[in-house]
1. Need the failing condition index for F194 against (1) open to solvent by 40 Å² or more (accessible area, probe 1.4 Å); (2) closer than 21 Å to V142 by Cβ; (3) within 19 Å of the chain's Cα centre (by Cα); (4) of a type in the set (F, W, Y), just the number.
2. Out of all the residues in the range 12-32, which are assigned to a helix (DSSP H, G or I) and either in contact (Cβ under 8 Å) with a residue 12 or more places away in the chain or closer than 12 Å to A48 by Cβ (or both)?
3. If you take the residues in the range 245-258 that are assigned to a helix (DSSP H, G or I) and not basic (K, R), which one is most open to solvent (accessible area, probe 1.4 Å)?
4. Give, as residue ranges, the helices (runs of 4 or more DSSP H) completely inside the range 259-328 that count at least 3 residues that are within 15 Å of the chain's Cα centre (by Cα).
5. Mind checking whether some residue in the range 79-92 is acidic (D, E), in contact with a helix residue (DSSP H, G or I) (Cβ under 9 Å, 6 or more places away or on another chain) and either in contact (Cβ under 8 Å) with a residue 60 or more places away in the chain or within 21 Å of G309 (Cα to Cα) (or both)?
6. Given the structure, is N242 out of contact with any helix residue (DSSP H, G or I) (no Cβ under 8 Å at 6 or more places or on another chain) and either farther than 22 Å from F176 by Cβ or assigned to a loop (DSSP other than H, G, I, E, B) (or both)?
7. For the range 198-212, which positions are touching a Ser or Thr at 6+ places or on another chain (Cβ under 8 Å) and open to solvent by less than 10 Å² (accessible area, probe 1.4 Å)?
Amino acid sequence: MGKKNSCLMQTVQHSEQTLKTALISKNPMLVSQYEQLDAGERRLLNKAFKPDSDLFGPITLHSESDWIISHPEPPQDFEQFFSDPSRKAPSPEKRSIYIQCIGSLGNTRIISEEYIKWLKGYCEAFFYGLTVKLLEPVPVSVTRCSFRINDNTQNLQIHAGHILRFLKKKKPRDAFCIVGITMIDLYPRDSWNFVFGQASLTDGVGIFSFARYGSDFYSSRYEGKVNKLQKVSSSDYSVFDNYYIPEVTSVLLLRSCKTLTHEIGHIFGLRHCQWLACLMQGSNHLEEADRRPLNLCPICLRKLRCAVGFNIIERYQALVKWIDDESADIPGVSTEHSREDNVNLPKPVEAFKEWKEWIIRCLAVVQK
């Protein structure tokens with residue numbers, strides 16, 4: 001395969017038997033565990049190895065720079081997931097996912113608050129059965145992290161590892177995990193250009209940036225650039241005071257939901273998916289991240305179901321309800337806000353409509 005062939009369009013095809021084993025396993029205990037699932041749930045999960053399934057398709061590779069080609073990893077089937085000794089699962093005492101916002105997520109306080117609530121609601125539906133709690137947002141200065149101006153983008157970046165250290169100290173006792181979210185670009189170490197996110201599975205902490213998901217991040221007109229003349233002192237966090245934040249759009253919300261659930265999925269012990277088109281596929285660049293579906297393939301869905309213990313029908317219904325509830329979950333907002341902003345911000349869910357149709361087709365299979 002020549003490196004020039006940037007448009008290679010291959011599919012990663014596994015045999016029915018391979019997919020069946022990846023989903024159900026050959027281990028008699030796991031097979032009988034599978035057979036105890038509700039018949040409707042099994043009917044849906046079995047679509048993993050039905051070649052005529054229009055619900056779950058193979059992974060398509062578009063270029064040499066795609067994740068699977070450039071990051072060869074051993075695949076993880078259900079049995080490997082189940083028997084992984086280092087895997088952490090929620091316990092009755094630790095069933096909460098905490099979200100810590102660093103800096104603002106929207107260009108007004110109202111938008112920022114609503115945006116976090118939308119993400120919280122989405123995570124509650126996705127990890128159905130766990131509680132999602134919001135911590136009070138903090139400015140960058142509170143984290144005491146290092147930061148820099150990226151030479152390529154002239155854009156401010158904060159040090160992902162330092163943020164993880166900050167989050168680990170803040171992790172509440174009932175937390176299964178704590179994840180930081182920010183609209184500021186991240187870098188993991190000086191030699192790296194950037195990173196979308198970073199997590200420590202053993203500590204149950206993660207940090208993810210949505211900065212590069214704004215529609216204008218890669219354009220020459222991007223307003224987040226910092227004037228090069230400004231010499232930034234390593235302790236002067238005032239550079240973040242009027243930090244540029246992209247407009248909140250439906251696509252930005254979709255990408256944020258995707259990243260957040262993918263990365264939290266890793267904290268549950270789900271590795272990158274190499275079986276079928278799936279949210280848990282790795283991605284090297286924005287185009288590849290956009291091709292990834294919002295849904296888990298049956299193999300990853302069984303893994304998450306095993307970790308969390310939800311009913312598949314109830315989880316899908318909760319996701320449909322989140323898409324249908326276009327306004328945020330607050331009936332009345334105090335009037336002081338209403339002059340500052342158009343208060344009842346409708347949730348921009350246009351980009352999720354196609355997924356909603358897909359979930360409804362899955363529900364039809366389970367409930368047949």
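1. Evaluating F194 over (1) open to solvent by 40 Å² or more (accessible area, probe 1.4 Å); (2) closer than 21 Å to V142 by Cβ; (3) within 19 Å of the chain's Cα centre (by Cα); (4) of a type in the set (F, W, Y) leaves (2) as the failure.
2. In the first step, residues of the range 12-32 are kept if they are assigned to a helix (DSSP H, G or I); the result is 16-24, 28-32.
Hits for the range 12-32 are E16, Q17, T18, L19, K20, T21, A22, L23, I24, L30.
3. Per the stated criteria, the residue is V251.
4. Details: elements: 286-291, 298-308, 312-324.
Fully inside the range 259-328 and qualifying: 286-291, 298-308.
5. So in the range 79-92, the residues acidic (D, E) come out as 79, 84.
This time we only want the ones that are in contact with a helix residue (DSSP H, G or I) (Cβ under 9 Å, 6 or more places away or on another chain), so: 79.
Checking the rest, the ones that are also either in contact (Cβ under 8 Å) with a residue 60 or more places away in the chain or within 21 Å of G309 (Cα to Cα) (or both) come to 79.
There is at least one residue in the range 79-92 that is acidic (D, E), in contact with a helix residue (DSSP H, G or I) (Cβ under 9 Å, 6 or more places away or on another chain) and either in contact (Cβ under 8 Å) with a residue 60 or more places away in the chain or within 21 Å of G309 (Cα to Cα) (or both).
6. yes
7. G206, I207, F208, S209, F210, A211
The values are calculated or read from the model by the stated rules, or taken from the named source; none is laboratory data. Everything numeric here is computed off the predicted structure, so don't read it as measured data. Here Cβ is always computed from backbone atoms with ideal geometry, including for glycine, and neighbour counts include all displayed protein chains. Just the protein is used for accessible areas: all its heavy atoms, side chains included, with ligands, DNA and RNA removed. Shrake-Rupley method; radii C 1.70, N 1.55, O 1.52, S 1.80 Å.
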